[in-house]
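Please treat every number below as a calculation from the coordinates, not as lab data. Computed from a prediction, not measured in an experiment: that's the story for all the values here. Ideal geometry is used to build each Cβ from the backbone, glycine not excepted, and the neighbour counts take in all protein chains shown.
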Amino acid sequence: MNYLNGTCLCGKINIQIPDDFEYMGNCHCSECRKFSGSDYASVGGIDSSKVNIVTGENHITYFHKTAETDLAFCSSCGSSLFTRKNTGKKHNIRLGILNDVPSKKPAFHIFTGSKADWNNICDDLPQFEEGPSSK
Ligand SMILES: [Zn+2]
Ligand SMILES: [Zn+2]
């Protein structure tokens with residue numbers, strides 16, 4: 001198994017995960033927009049047990065968004081790192097932290113119903129008005 005390395009902007013946090021994402025997609029919900037500061041967030045889902053925080057765990061701050069979801073960011077540089085789903089034991093890794101190229105690519109857009117007005121989706125990937133699992 002190939003391993004992927006991820007770091008925040010200041011480099012204090014180093015995360016290692018196997019190149020084993022279960023899915024990869026672009027989330028256009030308003031919360032990802034706020035948290036990432038970008039039009040949308042590209043994330044990859046992976047089992048929480050496979051996420052290895054190599055260095056800088058003491059610099060990770062968790063914003064407790066809901067009972068099941070924590071958002072992780074670096075308390076030193078502010079980089080958004082991942083979403084932690086406590087009930088499903090999944091991490092959604094923000095692909096922007098990766099220093100290595102994963103073998104998968106984002107394959108869908110979700111929450112396009114609340115996407116930024118100024119953002120035009122210019123690819124042929126499937127689009128979902130909401131999350132695939134929120135039906
Ligand atoms: Zn940092
Ligand atoms: Zn989102």
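With equal scatterers on the alpha carbons only and no solvent term, can you work out the Debye log10 of I(q)/I(0) for the chain at 0.10, 0.13, 0.21 1/Å?
Calculated log10 I(q)/I(0) at the listed q: -0.31, -0.53, -1.39.
Check each of the trypsin sites (Lys or Arg not before Pro) in the stretch 1-86 and keep only those in coil by DSSP with at most 14 other C-beta atoms within 10 angstrom; list them in order.
Filter output for the stretch 1-86: Lys65.
Could you give the nm distance between label points at Asn5 and Ala107, where each point is 7 Å from its Cα heading toward the beta carbon?
Between Asn5 and Ala107, the simple spin-label model gives 2.8 nm.
Once each part is reduced to its C-alpha centroid, what is the distance from the stretch 2-38 to the stretch 48-116 in angstrom?
Value for the Cα centre distance between the two parts: 5 Å.
For Cα pairs less than 8 Å apart in space and 6+ apart in sequence, what is the mean separation divided by the residue count of the chain, i.e. the relative contact order in percent?
28 percent
Counting other beta carbons within 10 Å of each Cβ, put Leu71, Leu98, Leu9 in order, fewest first.
Least to most surrounded, the residues fall as Leu9, Leu98, Leu71.
If I stretch the segment between Lys34 and Phe63 completely, what's the gain in nm (0.36 nm per residue apart, minus their alpha carbon distance), one decimal?
Full extension from Lys34 to Phe63 adds 9.2 nm.
Quick one: length gained pulling Asp20 to Glu130 fully straight, 0.36 nm per residue minus the C-alpha distance?
Length difference between fully extended and current span is 37.1 nm.
With runs of 4+ DSSP H residues as the only contributors, calculate the mean residue ellipticity of the chain at 222 nm using -39,500 (n - 2.57) per run, divided by the residue total and rounded to the nearest 500.
Rounded to the nearest 500, the figure is -1500 deg cm²/dmol.
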